Amino acid sequence: MDQAFYEELILSVTRGKVKDVDRLCREALENGVSAFKILDDGLLAAMQIVAERWKNGTVFIPEVLIAARALNVGLAILEPYLVLGNQKPKAKVVLGTVKDDLHDIGKNIVGLMLKSHGFECIDLGVDVAPAKFVEAVKESGAKVVCMSALLTTSMIHFTEVVQAFKEAGLRDSVLICVGGAPVTATFASQIEADIFEPDAVTFAEHLERRLA
Amino acid sequence: MPLDPSKFPKAKKNILSREEVKAILRGEGKTRPAQVITPLLFVPEEQPERQEFMQNLIEEYPDDAVFFEYTRPANFGKPGDRYVWCDVEGADPMLKLKPGATIGIDEKTALDWETIQKITRDIPDPFAPKSLVQNFFEDDGRYRGVFWTRLSFERLWHFRGMSETLMDFYLNPDEIKDLLDRLKHVLMRAIDRASSDEYKFDAIAFTDDIGMQDRPFFSEDIFIEFLKPHYKEVIDYAHSKGLDVWLHTCGNVEPFIPHFIEMGLDVLHPIQKYTMDEKKIAELYGDKICIWAGMEVQRILPFGTPEDVRQEMRFLMDTFYHPGKGHAVFSSGNRLGKDIPNENMRAFFEEMYEYGEKIAKEGRSGQNESPATTKDIHP
């Protein structure tokens, strides 16, 4: 497929045109294009553009969500071919909003962006107790834990989660990442989190660099 | 109804009259800044251990403008119910939740469009409940209003969930506009009742969180296409009924402020710290709209010292209040949470009054900076 094809695919993703993404991905596969090439040069390239536009303030959450939705349509079509090619997720990530907090839009955006970057996400939902984070890591073998809080009264539970991992003897086996509106770098450092990320949309890139 | 100070026997402050508060809103205020809405931002049921402390504090420092929380319609009911948001049988997503699963607050009332189309069009009816507001008391001479949460965007995501609503602007624009039209009629009925002889309120206050930490939830284009016309109709209708319109919105809403002014919004809250530059906003817009400035509740009020709290209050008043004009009123920026120490709570109320008196008599010192400029206040 020529460059024009990839430009059309990228545009379709960035504009959230799921039917076009579906059609273009199938068309490319039928023409013998590698699923990895469609993924890298089409779908992921599109999300890279969205992430750049997010960083320079020209797109907002709606544009990120519709692009991620279109990306997921493409991923679903490519997935069988990626599996056959032994494409493994970059890492498994357990994520959740901590205990006493029910807000989840930030967590959901993190999950979408992680998936779009090839991570496998185990979403524990909201109001998640410390023990549940530990249990999820034990069950899944995840190497990354992401915690979110929107309330100052609930972000104190980050400390309890870190402590729970220490008591389980797993603290050195996981990267603990924290985010949410009231969270600061100083607070994250105090609680011994490994990664603090104020931006849900660009967190996946941050994690990729950290794991590289 | 003239103000009767004898109704506030424990007050350590004078109380501003209705006319004095209105003058502040219009930019003609000659008094200290007004304290507004503050008791509503403390939820006694969430902090039973300090109800008595807060009750005493509020009696010592009563609001100059008092707002009554609206009687909340139930989220879900059954066909024939008149004061619910959804009367479709079995629509509540919580009924379908699997054991052990959780739904985020942003999604827990989310419905599909098919269900929404089945909802009776003119509900909830604000004339249905016995009282439009909670804990009502008769006019005591103070400026007063109804506090009706969730104006437009918040109500949209109440119906559709946060993620779906944000995508609906692109994927289902006509449905969103139709839902906003329904909501507009509900709000107009609320305004009808609030302005009627039953209450004769001075204002209606709404919440509509449309900002995030570093930018609005959506673009200015989306705001202009969907929300601005809706807001404008509601504001115009309220004004036609003699009500001022107050709006709380969390987060960075800087691109929308000129639109709020253009629409005739009377009062805007809170110019949230760490999301916008307060001095810049004050300079650009402070003489065009009344700012309802909020003491910061994410870091300074819960985790600062009492002196940090006082310093921040002085900074806010120096920034937003114009002696001889007013154009600013004060409260906290959001709920008064349980992580705020009592001594900080007292410092907040005391300084709001004491520095307010000082600034009205002596003018702004121009020398009070926010403690956040010199120290990182955190848990």
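Charge dipole of chain B (Cα centre as origin; +1 on each Lys and Arg Cβ, -1 on each Asp and Glu Cβ, all else neutral): 500 debye, rounded to the nearest 20. Please tell me the relative contact order of chain A in percent, rounded to the nearest whole number, where contacts are Cα pairs under 8 Å and at least six residues apart. Computed value for chain A: 17 percent relative contact order.
To the nearest ten degrees, helix B:173-195 and the longest principal axis of the Cα atoms of chain B are 50 degrees apart.
Of the DSSP H helices in chain A, those that are both long (alpha-carbon extent of 27 Å or more along the helix axis) and hydrophobic (Kyte-Doolittle mean at least 1.0) are A:61-84.
With each run of n ≥ 4 DSSP H residues scored as -39500 (n - 2.57), what mean residue ellipticity at 222 nm is computed for the protein assembly as shown after dividing by its residue count and rounding to the nearest 500 deg cm²/dmol? The per-residue figure over the protein assembly as shown is -12500 deg cm²/dmol.
Taking Cα centre as origin and charging only the Cβ of basic (Lys, Arg, +1) and acidic (Asp, Glu, -1) residues, the dipole magnitude of region B:172-314 rounds to 260 debye. Let me know the shape class of region A:92-210, please: from the alpha-carbon gyration tensor, a ≥ b ≥ c as square roots of the eigenvalues, rounded when a/c is under 1.5, otherwise prolate if a/b is greater than b/c, or oblate. Taking the square roots of the gyration eigenvalues as a ≥ b ≥ c, region A:92-210 is rounded.
Taking the C-alpha atoms only, the angle from helix B:51-60 to the longest principal axis of chain B is near 60 degrees. Out of region B:15-95, which GluC sites (Glu not before Pro) are coil in DSSP terms and have no more than 14 other C-beta atoms within 10 Å? Within region B:15-95, the qualifying GluC sites (Glu not before Pro) (loop, at most 14 other Cβ atoms within 10 Å) are B:28, B:89.
Take the Cα pairs of chain B, get the Kirkwood Rh, then feed it into Stokes-Einstein at 20 °C and 1.002 mPa s and tell me D in µm²/s. Let's see the in-between values first.
On the way: Rh = 21.6 Å.
After rounding, the answer is 99 µm²/s.
Here region A:41-167 is treated as a sphere whose radius is the Kirkwood value from Cα pairs; by Stokes-Einstein at 25 °C and 0.890 mPa s it diffuses with a coefficient of 155 µm²/s.
Ranking A:82, A:28, A:56 by Cα position along the charge dipole of region A:3-82, where only Lys, Arg, Asp and Glu carry charges on their C-beta atoms, puts A:56 farthest toward the positive end.
Using θ = phi - 60° in the Karplus curve 6.51 cos²θ - 1.76 cosθ + 1.60, the 3J(HN,Hα) couplings for region A:185-195 round to 4, 4, 5, 4, 5, 4, 8, 6, 6, 7, 9 Hz; x is entered for Gly and Pro.
Using the structure shown, list the pairs from B:184/B:338; A:17/B:108; B:130/B:184; B:10/B:325; B:177/B:338; B:13/B:288 with a Cα-Cα distance above 32 Å, or answer none. Table pairs above 32 Å Cα-Cα are B:184/B:338; B:177/B:338.
How large is the convex hull of the C-alpha atoms of region A:3-82 per residue, in Å³?
Numbers: hull volume 5.9 nm³, N = 80.
Spelled out: Cα convex hull of region A:3-82, divided by residues, is 74 Å³.
Here the relative contact order of chain B, from alpha carbon pairs under 8 Å that lie six or more residues apart, stands at 20 percent.
Return the ratio Rg/(2.2 N^0.38 Å) for the protein assembly as shown, where Rg is computed over Cα atoms only. Each step should come with its number before you reach the end.
Working: Rg = 25.5 Å, N = 591, 2.2 N^0.38 = 24.9 Å.
Expressed relative to 2.2 N^0.38 Å, the Cα Rg reads 1.02.
Dipole of chain A computed with +1 at Lys/Arg Cβ and -1 at Asp/Glu Cβ about the Cα centre; of A:174, A:45, A:201, farthest Cα towards the positive end is A:174. At q = 0.10, 0.14, 0.17, 0.18 Å⁻¹, what is the log10 ratio I(q)/I(0) for chain A, with the Debye formula run over Cα points and no solvent? For chain A at q = 0.10, 0.14, 0.17, 0.18 Å⁻¹, log10 I(q)/I(0) is -0.46, -0.83, -1.10, -1.18. Quick check: Cα centre of region B:218-281 to Cα centre of region B:323-362, how many Å? Comparing the Cα centres of region B:218-281 and region B:323-362, I get a distance of 23 Å.
Mean sequence separation of contacting Cα pairs (under 8 Å, at least six apart), scaled by the length of region A:92-210, corresponds to a relative contact order of 29 percent. Using only Cα atoms, tell me the angle between helix B:162-171 and the longest principal axis of chain B; keep it within 0 to 90° and round to the nearest 10. Orientation of helix B:162-171: about 60 degrees from the principal axis.
GluC sites (Glu not before Pro), restricted to region B:123-217: which are DSSP loop and have at most 13 other Cβ atoms within 10 Å? Kindly include the intermediate steps, with their values, before the conclusion.
Working: sites: B:138, B:154, B:164, B:175, B:198; in loops: B:138, B:198.
Filter output for region B:123-217: B:138, B:198.
Dipole magnitude for the protein assembly as shown: computed about the Cα centre from +1 point charges on Lys and Arg Cβ and -1 point charges on Asp and Glu Cβ, it is near 240 debye.
Throughout, read-outs are computed from the coordinates displayed, never taken from laboratory work. Predicted model only: the values in this text are computed from it and were never measured. Every residue, glycine among them, receives a Cβ derived from its backbone with ideal geometry; neighbour counts consider all protein chains shown.
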